[in-house]
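Peer 1: Can you keep this structure in mind? I'll have questions shortly.
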Amino acid sequence: MSQIKNKNEKPLKLKIESVNSYGCGVAHSDDGKVMFVSGTVGGDEVTASVIKQEKNYSVCRLISVDVSSPHRTDREFCGAPNACGGCTYRHMKYSYELETKKLTVEDAMRRAGISDRVTVSDVLSTGGEHGGYRNKVIYPVCKVKSGLRYGYYASGTHKVIPYSDCALTDPVMAPIASMAVSLADSLGIDAYDENTGKGLLRHVYLRSGEISGEVLVCYVINGSSLPFADKIADRLCGAFGNIVGVLVNINKKKTNVILGNEFYTVRGRDYITDTLLGKQFEIQAAAFWQVNRKGAEKLYSTAYSLAQISDKDTLIDLYCGIGSVGICAADKAKRILGIEIVPQAVECAKKNAALNGITNAEYVCADASDSEAAIKSILTEEPDAIVMLDPPRKGCGDRLMNFIADMNVKKVLYISCNPYSLATDMKILLDRGYTATEVIPVDMFPRTGHVETIVCLRKQ
């Protein structure tokens with residue numbers, strides 16, 4: 001059981017050795033215990049005090065940076081309070097951030113016991129500016145004495161830190177979010193209280209298209225309808241010509257899941273459009289869409305090149321969502337088969353294929369991790385098909401990976417948002433006779449601890 005240390009704990013002098021993906025510097029005490037210190041950078045010499053003590057490690061509060069690391073940035077990346085926790089790598093130079101992310105992927109391979117069988121390349125980046133890339137933002141709303149406020153949850157809590165000028169978010173969103181919440185406040189709409197389960201307005205959710213410039217506004221409520229919805233929509237659309245739709249999402253459950261299953265449209269349409277690698281997409285509020293468009297182009301084009309996709313290849317696109325990975329590769333391949341468990345996403349994928357005049361893609365509504373029949377059918381016809389995987393953070397799991405190996409799939413193109421689950425899944429195929437020349441990290445989420453990773457596994 002952990003022990004919370006009191007504020008009179010004697011300060012410690014620590015040398016920060018590295019930084020983990022949560023943005024905490026890693027050091028060791030004199031007795032060899034691991035110490036985590038938020039807000040530090042590898043090479044910093046700091047004074048800190050223990051605030052939480054576990055058996056094998058301690059969490060520390062930074063008191064002062066006594067000697068700054070050469071990797072520490074001399075310019076504050078974002079004005080948000082440190083408690084926000086969004087830009088976990090805000091204190092370090094970008095070159096060191098890329099080195100740190102490569103080490104994270106290498107650590108994942110090492111923990112899975114496969115570091116001697118793969119090589120991790122340097123992290124690819126879109127370069128240029130490292131902020132303003134997020135095309136999706138969900139602001140929790142809270143009630144304070146002066147009225148409704150919105151911002152971000154403090155790291156590890158559900159306490160709202162009021163702040164709107166996020167350095168990572170598309171700058172067109174801040175004034176829209178501000179007006180959306182101000183209108184609700186002026187009309188007497190109350191904020192949802194997680195503790196009591198009472199109150200109406202839970203979140204304000206915005207989505208933008210970088211190329212189209214379109215914005216979708218969605219109020220997430222603890223009720224069946226939003227009061228004054230027409231008035232709110234009129235005011236928002238009148239003030240911002242780039243708003244193409246105002247929606248309401250209903251979530252009456254006492255849960256920390258943000259979105260409920262039901263949406264209704266107050267004004268305009270329920271989707272935005274945007275462009276990815278020259279292809280047009282309709283993106284609904286509930287659909288998965290990469291939050292960094294330029295990063296997604298870098299990710300997908302690198303993946304296609306690594307897999308050496310040709311016009312003789314059939315691509316089986318598992319976890320296909322609204323079809324972005326397969327549709328962007330449709331011109332390169334002979335045929336696309338997309339498999340996705342969410343029915344609305346399947347319909348959206350079909351619509352997006354039609355929108356781009358793609359006739360060599362078809363979509364099946366099924367659980368990608370339990371879709372052996374669909375995969376076996378296509379592999380029986382075309383045994384050289386490439387299986388493309390882009391699963392959620394938990395990965396694909398033993399069953400699907402072993403099935404792929406049983407079917408002797410010639411190539412498996414795996415795109416992952418979690419290098420640790422990727423490494424676990426890779427080990428199954430490597431142990432079953434597959435090889436991988438390199439693992440390529442891509443920095444889709446600058447200034448955060450997240451990194452995308454690509455690998456192409458080939459049957460020997």
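Peer 1: Could you list all residues from region 369-394 that are of a type outside the set (Ser, Thr, Tyr), open to solvent by 60 Å² or more (accessible area, probe 1.4 Å) and farther than 20 Å from ILE327 by Cα?
Peer 2: ASP370, ALA373, LYS376, GLU381, PRO383, ARG393, LYS394 - these are the residues of region 369-394 that are of a type outside the set (Ser, Thr, Tyr), open to solvent by 60 Å² or more (accessible area, probe 1.4 Å) and farther than 20 Å from ILE327 by Cα.
Peer 1: Something else about it: How many residues are open to solvent by 30 Å² or more (accessible area, probe 1.4 Å) and either free of Cβ contacts under 8 Å to residues at least 60 places away in the same chain or among the acidic types (Asp, Glu) (or both) when one looks only at region 143-152?
Peer 2: Final tally of qualifying residues: 5.
Peer 1: Let me ask something else about it. Checking ASP234 against (1) crowded, with 17+ Cβ neighbours inside 10 Å; (2) in a helix (DSSP H, G or I), which test does it fail?
Peer 2: For ASP234, the exception is condition (1).
Peer 1: Looking at (1) closer than 30 Å to THR437 by Cβ; (2) among the aromatic types (Phe, Trp, Tyr); (3) open to solvent by 20 Å² or more (accessible area, probe 1.4 Å), which is the one condition that is false for PHE77?
Peer 2: Just one mismatch for PHE77, condition (1).
Peer 1: Of the conditions (1) within 24 Å of the chain's Cα centre (by Cα); (2) within 20 Å of VAL141 (Cα to Cα); (3) not small (Gly, Ala, Ser); (4) not in a strand (DSSP E or B), GLU297 satisfies every one except a single condition; which number is it?
Peer 2: (2)
Peer 1: Could you check how many residues of region 158-175 are surrounded by fewer than 16 Cβ atoms within 10 Å (Cβ to Cβ) and either charged (D, E, K, R) or under 18 Å from PHE445 (Cα atoms) (or both)?
Peer 2: The total comes to 3.
Peer 1: Please enumerate the residues belonging to region 440-455 that are of a type in the set (A, V, I, L, M, F, W, C) and within 12 Å of SER416 (Cβ to Cβ).
Peer 2: ILE440, VAL442, MET444, VAL451, ILE454, VAL455
Peer 1: Would region 352-362 turn up any residue that is touching a Ser or Thr at 6+ places or on another chain (Cβ under 9 Å), assigned to a helix (DSSP H, G or I) and open to solvent by less than 30 Å² (accessible area, probe 1.4 Å)?
Peer 2: Yes, region 352-362 has at least one match.
Peer 1: Could I ask something else about it? Keeping to region 201-213, report how many residues are open to solvent by less than 30 Å² (accessible area, probe 1.4 Å) and either assigned to a loop (DSSP other than H, G, I, E, B) or at positive phi (or both).
Peer 2: Of the residues in that region, 1 qualify.
Peer 1: Mind listing just one residue for me: the one in region 395-451 that is of a type in the set (D, E, K, R) and in a helix (DSSP H, G or I) and, of those, surrounded by the most Cβ atoms within 10 Å (Cβ to Cβ)?
Peer 2: Among them, the one singled out is ASP425.
Peer 1: Find all pairs meeting these conditions: Cβ atoms under 9 angstrom apart; at least six residues apart or on different chains; first residue within region 167-178 and on the phi < 0 side of the Ramachandran plot; second residue open to solvent by 30 Å² or more (accessible area, probe 1.4 Å) and part of a helix (DSSP H, G or I).
Peer 2: Listed pairs, sorted by first residue: PRO175/ALA239; ILE176/ALA239.
Peer 1: Which condition number does TYR96 fail, the rest of (1) over 25 Å from THR157 (Cβ atoms); (2) open to solvent by 30 Å² or more (accessible area, probe 1.4 Å); (3) not in a loop (DSSP other than H, G, I, E, B) being met?
Peer 2: (2)
Peer 1: Another question, then. Are any of the residues in region 237-259 among the hydrophobic types (A, V, I, L, M, F, W, C), open to solvent by less than 60 Å² (accessible area, probe 1.4 Å) and part of a helix (DSSP H, G or I)?
Peer 2: Yes, some residue in region 237-259 is among the hydrophobic types (A, V, I, L, M, F, W, C), open to solvent by less than 60 Å² (accessible area, probe 1.4 Å) and part of a helix (DSSP H, G or I).
Peer 1: Can you pull out every residue in region 214-229 that is under 30 Å from GLU297 (Cβ atoms) and either open to solvent by 20 Å² or more (accessible area, probe 1.4 Å) or aliphatic (A, V, I, L, M) (or both)?
Peer 2: If the condition is that a residue be under 30 Å from GLU297 (Cβ atoms) and either open to solvent by 20 Å² or more (accessible area, probe 1.4 Å) or aliphatic (A, V, I, L, M) (or both), then GLU214, VAL215, LEU216, VAL217, VAL220 are the ones that fit.
Peer 1: Could you grab me the full set of residues in region 305-325 that are within 22 Å of MET444 (Cβ to Cβ), over 19 Å from the mean Cα position of the chain (by Cα) and in contact (Cβ under 8 Å) with a residue 60 or more places away in the chain?
Peer 2: Listed by number, the residues that qualify are LEU306, ALA307, ILE309, LEU315, ASP317.
The values are calculated or read from the model by the stated rules, or taken from the named source; none is laboratory data. Since the model is a prediction, treat every value here as computed from it, not as a measurement. Here the Cβ is made from the backbone with ideal geometry for all residues, glycine too, and neighbour counts use every protein chain on show. Heavy atoms of the whole protein, side chains included, go into the accessibility calculation; ligands, DNA and RNA do not. Shrake-Rupley method; radii C 1.70, N 1.55, O 1.52, S 1.80 Å.
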